[in-house]
Structures are given as structure tokens and as C-alpha cells.
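A short write-up of the structure that comes next.
Read-outs throughout are calculated quantities, based only on the coordinates presented, and are distinct from any laboratory measurement. What you see is a predicted model; the values in this text were computed from it and never measured. Glycine gets a Cβ as well: all are built from the backbone with ideal geometry, and neighbour counts include every protein chain shown.
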Amino acid sequence: DAKTTQPNSMESNEEEPVHLPCNHSTISGTDYIHWYRQLPSQGPEYVIHGLTSNVNNRMASLAIAEDRKSSTLILHRATLRDAAVYYCIHDSRDSNYQLIWGAGTKLIIKP
Amino acid sequence: ETGVTQTPRHLVMGMTNKKSLKCEQHLGHNAMYWYKQSAKKPLELMFVYSLEERVENNSVPSRFSPECPNSSHLFLHLHTLQPEDSALYLCASSQVGTRGGYNEQFFGPGTRLTVL
């Protein structure tokens, strides 16, 4: 079964880079990895997604390992507003609509 | 404001009640989703309506019944729920291409459901 594994929580200082890891060892060739984040009392918010190569957007970068069994979400300069729970999601396209969310990493930003 | 609204925001119901959750998206998307978020558990995808086709997670009990009358509206009908069904129910929408897969989903704020 598709599955993702993330650390329960991480701490970082404000204005420093943050690297959030995710293991997805059951990934297959056509499966995507998505990242969302959820601020308190809100629904999740899209961050980034990718397949094989590294991806960048205005919010973050996604570094995908060469064997695709792990990935890292990179926030280049964390602010207090980045404090949230970050979810790594395995988009398994072998099965119909398999979208497996991880348990999430609670990111704590220290001023 | 994500363009996805949900009502009600909070709901308390007894196990014998029948209630419905409503979701509306103003983004012109062609797919809508229901998720369940329980405390200390990963989000669970319950139902998907995509390009007028319904797909569901086979582990969702029949006491949850979705309805999608058009591409902008989604309902979740609830009947004879159990206390363990208490959770945050999230609705989302996205634009799905002909090759399938998941594009960026936009979430509503959720309905906090308590079953007594």
C-alpha cells in the first residue's frame, strides 16, 4: 500500500532555511508527490508537487531523491507565518484516486 | 478566502439524527472532494466527484452518502452516525485534466462535526 512517513515535529529559527523530509518508499514510476500545509483553524493549502526532478515555486522548493523514495520540502527563509503542519502526500496513479496523506510534520518557528 | 465555502461550520448531532453538510466552489473546477480529518490521524479521502464520475474509498461506511448535483455543489448526507465519526470534514475542489491525477486542490474551512 502507498504510504508516506514524516517526523512528528521540527523546530527552526526565523529567517533560516527549513528542510522537511518525507519517505515514500512504495512510490512507483508514475506517482507524484504533493505537499500541503495546514495553518490552525484552516483547511490545507497547496504548497508544491513534483514527479522526478526538483521543483521550485514562490512558496518553496521540492527536492526529490534520485531513487524517488524520499523527498525534501525546502522553505528558503522561514517566517513566523510558516508555522503550520506540513503534509507529504503520495499520489498513486496505479490505483484509481489513491491519494495517501502522511501524518504531517508540525513546524515550529522560533523568533 | 479560497473560493470554497462550507456550511455549517459547526454541527452537533445525535446518533439518530439525519443531517447534511454543504460545500460550494466558486472556482469553475470540475472535481470536488470530501475528506475526513480526525485528531491525530492523517487526512482520509472519502469521496471524489471528477468529470461527473463518482469514486469512493471503499472503507467509508454507508452512513455517509455524498451527492453532487452539479460541478459547483457537493453534499454529504449523514445518518445514524457513531461518536467515532466526530471529526473535521473538509471539502476541496480542483481542475482535473483528461490525463487524470491530482492538480492543486483548494480546501474549504471545514465543518466541525460532533456526534453525541
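Once you order the gyration tensor axes a ≥ b ≥ c over the Cα atoms, which shape class does segment A:33-86 get: rounded for a/c under 1.5, otherwise prolate or oblate by comparing a/b with b/c?
Values: a/c = 2.42, a/b = 1.78, b/c = 1.36.
Judged from the Cα gyration tensor, segment A:33-86 comes out prolate (a/c at least 1.5, a/b above b/c).
Roughly how many Å is it from the Cα centre of segment B:73-116 to that of segment A:45-111, as a whole number?
First find each Cα centre; the distance between them is then 21 Å.
By DSSP, what percent of the beta bridges with both residues in chain A are antiparallel, rounded to the nearest 5? Mind showing how you got there, number by number?
Numbers: 32 of 37 bridges.
So the antiparallel bridges in chain A amount to around 85 percent.
If you keep only loop residues by DSSP, which trypsin sites (Lys or Arg not before Pro) in segment B:45-116 have at most 10 other Cβ atoms within 10 Å of their Cβ?
Numbers: sites: B:ARG54, B:ARG63, B:ARG99, B:ARG112; in loops: B:ARG63, B:ARG99.
Loop-located and lightly packed - B:ARG99.
Label points 7 Å out from Cα along the Cβ direction at A:SER25 and A:GLU66: separation in nm?
2.0
Assuming 1.567 mPa s and 4 °C, estimate D for the protein assembly as shown with Stokes-Einstein, Rh taken as the Kirkwood radius over Cα pairs, in µm²/s.
Values: Rh = 18.2 Å.
This corresponds to a translational diffusion coefficient of 71 µm²/s.
Report the trypsin sites (Lys or Arg not before Pro) located in segment A:1-76 that are in a DSSP loop and have at most 14 other Cβ atoms inside 10 Å of their Cβ, or state none.
Values: sites: A:LYS3, A:ARG37, A:ARG58, A:ARG68, A:LYS69; in loops: A:LYS3, A:ARG58, A:ARG68, A:LYS69.
Taking segment A:1-76 and a limit of 14 other Cβ atoms within 10 Å, the loop trypsin sites (Lys or Arg not before Pro) found are A:LYS3, A:ARG58, A:LYS69.
Out of every Cα pair in segment A:22-111, what percent are spaced more than 22 Å from each other?
Numbers: 1021 of 4005 pairs.
The calculated P(r) of segment A:22-111 puts 25 percent of pairs beyond 22 Å.
Determine the dipole magnitude for the protein assembly as shown: charges of +1 sit on the beta-carbon of Lys and Arg, -1 on that of Asp and Glu, nothing else is charged, the reference point is the Cα centre, and the result goes in debye to the nearest 20. Let's see the in-between values first.
Values: 21 positive and 22 negative charges, 102 e Å.
Around 480 debye, computed over the protein assembly as shown.
Run the reach check for B:LYS18 against lysines, Cα to Cα strictly under 20 Å, same-chain hits fewer than 8 apart removed. What comes back?
List returned: B:LYS36.
Running Debye on segment B:48-116 with equal point scatterers at the Cα sites and no solvent, what base-10 log of I(q)/I(0) appears at q = 0.18, 0.20, 0.28 Å⁻¹?
-0.81, -0.98, -1.46
Using Cα-Cα distances under 8 Å and only pairs 6 or more residues apart, what relative contact order does segment B:1-78 have, in percent? Could the numbers behind the result be given before it?
Values: 119 pairs, mean separation 24.3, N = 78.
Reported relative contact order: 31 percent.
Quick one: P(r) of chain B from all Cα-Cα pairs, 10 Å bins, percents rounded to integers, in order of increasing distance.
Pairs per bin, as whole percents: 14, 49, 30, 6, 0.
Putting +1 on Lys and Arg Cβ atoms and -1 on Asp and Glu Cβ atoms, find which of B:TYR49, B:LEU76, A:VAL55 reaches farthest to the positive end of the dipole of the protein assembly as shown.
After comparing all options, I get B:LEU76.
Taking amide H positions as placed in the peptide plane 1.01 Å from N, state which residues far from A:ASP31 in sequence (5 or more) or on other chains have amide H under 5 Å from it.
Those lying under 5 Å, H to H, from A:ASP31 are A:ARG93.
Checking the cross-link filter: which aspartates and glutamates have an alpha carbon closer than 12 Å to that of A:LYS110, excluding same-chain neighbours under 8 positions apart?
A:GLU11, A:GLU14, A:GLU15, A:GLU16, A:ASP82
Could you compute the net charge surrounding B:LEU78? Neighbours are other residues with a C-beta less than 10 Å from the C-beta of B:LEU78; K and R count +1, D and E count -1. It would help to have the intermediate numbers written out before the result.
Numbers: positive: B:LYS18, B:LYS19, B:ARG63; negative: B:ASP85.
With Lys, Arg at +1 and Asp, Glu at -1, the neighbours total +2.
Fewest first, what order do A:HIS34, B:HIS10, B:HIS73 take by the number of other Cβ atoms within 10 Å? Mind dumping the intermediate values first?
Details: A:HIS34 22, B:HIS10 9, B:HIS73 13.
Ordered from fewest to most neighbouring Cβ atoms within 10 Å, A:HIS34, B:HIS10, B:HIS73 come out as B:HIS10, B:HIS73, A:HIS34.
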